[in-house]
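The values are calculated or read from the model by the stated rules, or taken from the named source; none is laboratory data. On a predicted model such as this, the values are computed, not experimentally measured, just so you know. Cβ placement follows ideal geometry from the backbone for every residue including glycine, while neighbour counts extend to all protein chains displayed. Accessible surface areas use protein heavy atoms only, side chains included; no ligands, DNA or RNA. Shrake-Rupley method; radii C 1.70, N 1.55, O 1.52, S 1.80 Å.
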Amino acid sequence: MTLILSAIVIVAVVTYFSFFYIQRKNNSEIEEKKEQINNFVNSTIHEEFNSTEKIKLAGDSLAQFEETKQNYLYMVNHKLPQLSEHLTELSDANTHYRFFEVRRELKLIEMKLQNATKVEKDTKNTLELLKKDNLEHQKKTKELEQKYQKIRKTLLAKNFSFGPSIDKLEENLSEIEKTFDNYSEMAKVGDYVKSAEILKTLKKETVLLETAIKVVPPLYRNVKNIFPEQVTEIKDGYEKLVMDNFGFKTNFEKKITDIQTLIASDIVDLSELNFDEAKTTDEKIDQKINEAYDELELEIKSKKSVQSRLVKFEKFIKHARKNQKELLAELNRLNQNYTFNHNEMESAQEINESLEIIEKEFVEYKEKSENRLPIVYSDIDIKQQQQVKELGTIEEKQAKIADGIQGLWEDEQKAHKAVKLFDLDIHTLKRNLEKLNLPGLSKEYLDYFYAVNSEIDDLADKLAQTKIDMDEITKLLIDTQSDLDVLSEKTNDILDSASLTERLLQYANRYRLRYPEIADAATEADSLFNREYNYSASLEKIATAVDNVEAGAYKKIEDDYYASKIQTPVK
């Protein structure tokens, strides 16, 4: 029972304190919100209304101010007092423990106070903006007025600098003046909303006029003074060069006319204040004038270049022609006795044709110069530069052909000498064979011998012809020399094999009676020697048999033979 009573007491105490806490918290919030309402009522915004009313407002600006003021005063004079009364009612309800009702209503009041804060903030911003607009318009009005006066003063003082643009500029200035007056009227009565739109237009027109004042004078100076002076200079220069028999690649007179047309077009653009078109045309004129100067300068420089190389160039042509005559004469002379295999005649004819073209064009240039006919020196300069290189190539080709044919006679003499040596060599080989009194020679050797001999005779016949082909003879010389070397090897092999066989057969006689194999080998070697004329086989047969009986015997006999051969060479 005691525990139950204790629990009831605790619950009652807790409930009491809870109610007390909630009640105090609600009272605190009610007081805070009353304080917020008092702050709204006592806000400095009322003074700001008064200071803003002192500014002259009209039109949309005035309507905006009145609407903002009415909205704020309606909130302060009607909505906030109602909230204040409602808070007093909630305070009484809180005393009677109607906590849930109080909490719900406090949340609603909080939302309304937040909205009131926003209204106050918006009201302040609007008032500040109206004041700012007033100051800004005053400042901009002053600035624009200063700019306008400066532009007006510039146009009056320097109207000669604007040429055909002056009428349009003054017309635009008059329009700006009207717009400025309209803007000033709006600003004076305080209609800053409408005057802001006019201000945008006014600023745009003023900027365009300021730009025109900067852009027009240099453009007009170009078309009035600079370009005409340059055109006159170009025209005078062109006429003087024509008098001095200069020619031109382009229609130079049309080029001058085109520039003058562009200048006229530029003046029209300036009169209409078409600045972008005027700038573009100005750049085109400048480009075309520079191109005209460049062309005149090119022709003058080209003439100097042509004249500076004239003497050397003419000598170069004459030297190449002299070389060509000598080359053709030599080719014709040698063509009687030699066959050309490297297109020497065709190459010389091509060189001759190229040289004739250079000579012809040089003569044409001299005739034009002497007869004072128009000459495009830039073309002549480029052509002559190319022809100088071509003449260098021509002389290189002439020298190459000349070097090639100059050796033909020497080569022929060397060939004659070589054939004589071939003939001497083959006869020497024949005599050396005859000295050994050999029983005979193999068909293979004799066929090869006669073939080489025939090659030598064929070479001699070709060299004896009226017109010889040195390329063919050179190839035959190489082949014959190679075949003669082989024949020499074959002949020396026969001479050495036969001589060694005879020595070994004599040496083998000492072993015939004791060694039947020696006798058989000697008989067989003799047959190979005297019947088949196979001297190398005969030598191998008897040498092998003797070495089998007396090792090293063949090597000793061979060494003695070659030693004696060196001391007394075969002739």
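For this structure, a couple of remarks:
- Breaking point among (1) out of contact with any Leu (no Cβ under 6 Å at 6 or more places or on another chain); (2) small (Gly, Ala, Ser); (3) farther than 30 Å from Asp457 by Cβ, for Ala537: (1)
- All conditions in (1) in contact (Cβ under 8 Å) with a residue 40 or more places away in the chain; (2) under 24 Å from Ile557 (Cα atoms) hold for Met470, with the sole exception of (2).
- From the list Asn509, Asn530, the one residue that fits, being more than 19 Å from Ile426 (Cα to Cα) and in contact (Cβ under 8 Å) with a residue 40 or more places away in the chain, is Asn530.
- Scanning the range 473-488 for residues that are without any contact (Cβ under 8 Å) to a residue 40 or more places away in the chain, surrounded by fewer than 18 Cβ atoms within 10 Å (Cβ to Cβ) and not acidic (Asp, Glu) yields Lys475, Ile478, Ser482, Val486.
- Those residues of the range 391-400 which are touching a helix residue (DSSP H, G or I) at 6+ places or on another chain (Cβ under 8 Å) and open to solvent by 70 Å² or more (accessible area, probe 1.4 Å), in sequence order: Lys397
- Residue check for Thr491: surrounded by 18 or more Cβ atoms within 10 Å (Cβ to Cβ), polar (S, T, N, Q) and closer than 30 Å to Lys555 by Cα: yes
- Per-region count, the range 355-378, residues open to solvent by less than 40 Å² (accessible area, probe 1.4 Å) and part of a helix (DSSP H, G or I): 6
- Lone unmet requirement of (1) closer than 30 Å to Ile456 by Cβ; (2) at pLDDT 90 or above for Arg531: (1)
The rows are residues; the columns are (1) at pLDDT below 90; (2) open to solvent by 20 Å² or more (accessible area, probe 1.4 Å); (3) over 30 Å from Glu489 (Cα atoms); (4) in a helix (DSSP H, G or I).
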{"site": "Ile351", "(1), (2), (3), (4)": "yes, no, yes, yes"}
{"site": "Gln384", "(1), (2), (3), (4)": "no, no, yes, yes"}
{"site": "Gln406", "(1), (2), (3), (4)": "yes, yes, yes, yes"}
{"site": "Asp411", "(1), (2), (3), (4)": "yes, yes, no, yes"}
{"site": "Leu424", "(1), (2), (3), (4)": "no, yes, no, yes"}
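- Remark: Glu283 falls outside the filter, which requires a residue to be within 30 Å of Leu463 (Cβ to Cβ) and either open to solvent by 90 Å² or more (accessible area, probe 1.4 Å) or among the hydrophobic types (A, V, I, L, M, F, W, C) (or both).
- The range 426-479, residues that are part of a helix (DSSP H, G or I) and hydroxyl-bearing (Ser, Thr, Tyr): Thr428, Tyr445, Tyr448, Tyr450, Ser454, Thr474
- Screening the range 331-341 for residues that are at pLDDT 75 or above and assigned to a loop (DSSP other than H, G, I, E, B) and picking the one that is nearest to the chain's Cα centre (by Cα) gives Phe340.
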